[in-house]
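Trainee: I'd like to ask you about the structure that follows.
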Amino acid sequence: MTITLDSRTATRTKIGIREVSRVFDSPDGGPPFVAMDGVTLDVREGEFLTLVGPSGCGKSTLLEMIAGLTSPSSGEIVIDGTPVTGPGLDRGIVFQQYALFPWRTALSNIEFGLEAKAVPRRERAELARHYLDLVGLSGFEHRHPHELSGGMRQRVAIARSLAFDPDVLLMDEPFAALDAQTRESLQEELLTIWEKTGKTVVFITHGIDEALYLGQRVAVMSSRPGRILTTVETPFDSREGDLRADPTFGEYRHHLWTLLRPETAGPTGSGRLRVVTHDG
Amino acid sequence: MADLRIGAGQRTAGRTGTGTLAVITSERTAGTTTGTSFRKSAGRSLQKAAGKALRNSAAIVLLLGLWEALPRLGVVDRVFVPPISTDLAAWWDLLVSGRLTEHFQASLLRSLAGFGLAIVLAVPLGLLIGWYRPLNDFLTPVLELFRNTSAVALLPVFILIFGLGETSKVVFVFYACSWPILLNTISGVRTVEPLLIKSARSLGLGPIRLFRKVVLPAAVPTIFTGVRLAGAHSILVLLFAEMVGARAGLGYLINDAQAGFRIPDMYAGIITISLLGLLFNLLLLALQRRFSTWRVS
Ligand SMILES: Nc1ncnc2c1ncn2[C@@H]1O[C@H](COP(=O)(O)OP(=O)(O)OP(=O)(O)O)[C@@H](O)[C@H]1O
Ligand SMILES: [Mg+2]
């Protein structure tokens, strides 16, 4: 499989995140809780961006704001230059916990988004079957979520967000619950789909390897209050062969690891790696 | 989870009921357990199921055996507890004479009318209250007050307003059935997994479709738990009403037989009512299972 990252040269901004902060009221009437402070980040059209950061730094919150499920406390998020005011079918989100509808079968879960898009019934079933097949679950059409394993549920969730063909795919640690083998095959699958469709992908992960392997760019967030520390362009032009065995891969991994260490508070020196800070 | 809810509901039933009612309620719980274990055995081999059925009925056979033997042996007074064979003979006579059918029908119609009315009115009302938060906040204190007021305590009020006829009994059953349905419907709507709502909203669903496609199906099992509880209530409270003042019905039959010292007839009435309760519960259980297959047990 060869994936050429030719869209790197494209510079049109798909998702613009401008000075976004998110403050939560504390339930006990204490001081408000600043989850995220002044996040600025541009996601390019057709880009595969991975987002890493310590637990609780606001990655999921940021993704939900892009999805339009919650609004920033201050700042602005724009998609194609238009401010986000609510959810829409131009964006598909895969939640950290598989959010399938337990009373619907795998197939009809995938159809859900298509119903929202008013796709005719027959076409709906066909499309749903196609995507179920794509995530390797043909034969499980009529299973309910509780009859599927965790990994299978997550695959249904992925198929559901792919099926209604959104421009932007927002994925919140979608492969975290999978075994290594399934994860790798789904990673490849996702890259293939991305390459074929040219979707813009924002992909949250805890795995540095995964972030490097999938992303054209890795955005690193700091711990609370969440900020974008830096973004790191990955140097790989193709995913051919065992990328993870490449010495450069190891260097980048180490660099990201250093950035994510709890002691490392601010943006660290870049060493011999090309590091692009978001404001630089 | 379903069982937990049922448990919570039973507690409500116990609180609403008087002493007598509470006893009958626990009988109903036993019925529920039998139903659950029956479902589990269905998946196993037929032989195991047969063995289970034998073991289940063994207790019944033992009970009937004791009921027959103890009065005959003089351990209990056979005037007050006639052997089961005598009671069944009385039951048969009542059936043949057509009197049992008449009382049975009277009771069934009243409880079905009240129960049905409660479903038709309490489910939509519960959906409304559960969905509109301000309405829910506004009504919660009143609902709490009423749910903690025993329906039985209000029977004299219903009789005062609607007289001793059919209306007061149906209204009474309706009232008693409404609470479990209403409260379960409200909580069913309010406790829909927020992530599912988020997920549906992310797919661009507006409030109406969100309600129809997510909230309603998610709430169905909880609503059904309420309906099942109400089904049990409908018979319990009706029996009470018929004992207080009626010319027909199984409650009347039992009370009248006791007053006239036709003790076997009294037991015949009791047997009929417990069979009716069992039947009702099994029917609703089957219906509930059909509507919530997706719920993890
Ligand atoms: N609805 C909410 N109310 C109050 N605080 C919230 C809410 N949602 C999130 N938070 C807080 O905001 C912070 C960021 O949460 P978020 O879920 O975005 O973290 P995350 O980076 O996705 O973490 P993880 O990697 O563990 O998934 C957390 O400290 C969390 O406690
Ligand atoms: Mg998260």
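Trainee: Inside segment A:188-208, can you point out the residues that are open to solvent by 30 Å² or more (accessible area, probe 1.4 Å) and more than 16 Å from ligand 1 (Cβ to nearest atom)?
Mentor: A:Glu188, A:Glu189, A:Thr192, A:Glu195, A:Lys196, A:Thr197, A:Gly198
Trainee: Could you check segment B:155-240 for helices (runs of 4 or more DSSP H) lying wholly inside it with 3 or more residues that are at pLDDT below 90 and open to solvent by less than 20 Å² (accessible area, probe 1.4 Å)?
Mentor: none
Trainee: Kindly establish whether B:Pro156 is without any contact (Cβ under 8 Å) to a residue 40 or more places away in the chain and over 29 Å from B:Leu282 (Cβ atoms).
Mentor: yes
Trainee: Go through segment B:242-263 residue by residue and tally those that are without any contact (Cβ under 8 Å) to a residue 60 or more places away in the chain and more than 15 Å from B:Leu109 (Cβ to Cβ).
Mentor: Here the count works out to 9.
Trainee: For segment A:148-180, which residues satisfy the criterion of being on the phi > 0 side of the Ramachandran plot and over 15 Å from the mean Cα position of the chain (by Cα)?
Mentor: Across segment A:148-180, the qualifying residue is only A:Asp165.
Trainee: Looking only at segment A:81-121, which residues are away from chain B (no Cβ under 11 Å) and in a loop (DSSP other than H, G, I, E, B)?
Mentor: Passing the criteria: A:Gly81, A:Val84, A:Thr85, A:Val119, A:Pro120.
Trainee: Examine segment A:164-171 for a residue that is within 16 Å of ligand 1 (Cβ to nearest atom) and within 21 Å of A:Ser55 (Cα to Cα), and state whether such a residue exists.
Mentor: Within segment A:164-171, one or more residues are within 16 Å of ligand 1 (Cβ to nearest atom) and within 21 Å of A:Ser55 (Cα to Cα).
Trainee: Let me ask another. Which of (1) in a loop (DSSP other than H, G, I, E, B); (2) open to solvent by 60 Å² or more (accessible area, probe 1.4 Å); (3) under 29 Å from A:Phe236 (Cα atoms) is the odd one out, the single condition A:Asp28 does not satisfy?
Mentor: Of everything listed in (1) in a loop (DSSP other than H, G, I, E, B); (2) open to solvent by 60 Å² or more (accessible area, probe 1.4 Å); (3) under 29 Å from A:Phe236 (Cα atoms), A:Asp28 misses just condition (3).
Trainee: Hey, another quick one. From the list A:Val43, A:Val34, A:Val39, exactly one residue is away from ligand 2 (no atom under 16 Å from the Cβ), more than 25 Å from A:Ile193 (Cα to Cα), of a type in the set (A, V, I, L, M) and part of a strand (DSSP E or B). Which is it?
Mentor: A:Val34
Trainee: Right, something else. Taking only pairs six or more apart or across chains, which ones have beta-carbon atoms under 6 Å, a first residue in segment A:16-33 that is closer than 17 Å to A:Gly226 by Cβ, and a second residue that is open to solvent by 100 Å² or more (accessible area, probe 1.4 Å) and within 12 Å of ligand 1 (Cβ to nearest atom)?
Mentor: These pairs meet every condition: A:Pro32/A:Asp25.
Trainee: Just name the residue that is surrounded by the fewest Cβ atoms within 10 Å (Cβ to Cβ) out of those in segment A:67-80 that are within 12 Å of ligand 1 (Cβ to nearest atom) and within 11 Å of chain B (Cβ to nearest Cβ).
Mentor: Of everything passing the filter in segment A:67-80, A:Thr70 is surrounded by the fewest Cβ atoms within 10 Å (Cβ to Cβ).
Trainee: Let me ask you something else. Being at pLDDT 85 or above, on the phi > 0 side of the Ramachandran plot and either touching a helix residue (DSSP H, G or I) at 6+ places or on another chain (Cβ under 7 Å) or open to solvent by 30 Å² or more (accessible area, probe 1.4 Å) (or both) is the requirement here; does A:Gly58 meet it?
Mentor: No; evaluated as a whole, the condition is false for this residue.
Trainee: Which ones in segment B:241-290 are buried (at least 16 other Cβ atoms within 10 Å of the Cβ) and under 16 Å from B:Leu229 (Cβ atoms)?
Mentor: Answer for segment B:241-290, where residues must be buried (at least 16 other Cβ atoms within 10 Å of the Cβ) and under 16 Å from B:Leu229 (Cβ atoms): B:Gly277, B:Leu278, B:Phe280, B:Asn281, B:Leu284, B:Leu285, B:Gln288, B:Arg289.
Trainee: Further question on the same structure: Looking only at residues in segment A:157-187 that are open to solvent by less than 10 Å² (accessible area, probe 1.4 Å), within 16 Å of ligand 2 (Cβ to nearest atom) and in a loop (DSSP other than H, G, I, E, B), which one is farthest from the other protein chains (Cβ to nearest Cβ)?
Mentor: A:Phe175
Trainee: Here are some conditions: (1) outside any strand (DSSP E or B); (2) more than 16 Å from ligand 1 (Cβ to nearest atom); (3) of a type in the set (D, E, K, R). A:Glu64 meets all but one. Which one does it not meet?
Mentor: It is condition (2) that A:Glu64 fails.
The values are calculated or read from the model by the stated rules, or taken from the named source; none is laboratory data. Computed from a prediction, not measured in an experiment: that's the story for all the values here. Counting neighbours? That spans all protein chains shown, and the Cβs are built from the backbone with ideal geometry, glycine included. Just the protein is used for accessible areas: all its heavy atoms, side chains included, with ligands, DNA and RNA removed. Shrake-Rupley method; radii C 1.70, N 1.55, O 1.52, S 1.80 Å.
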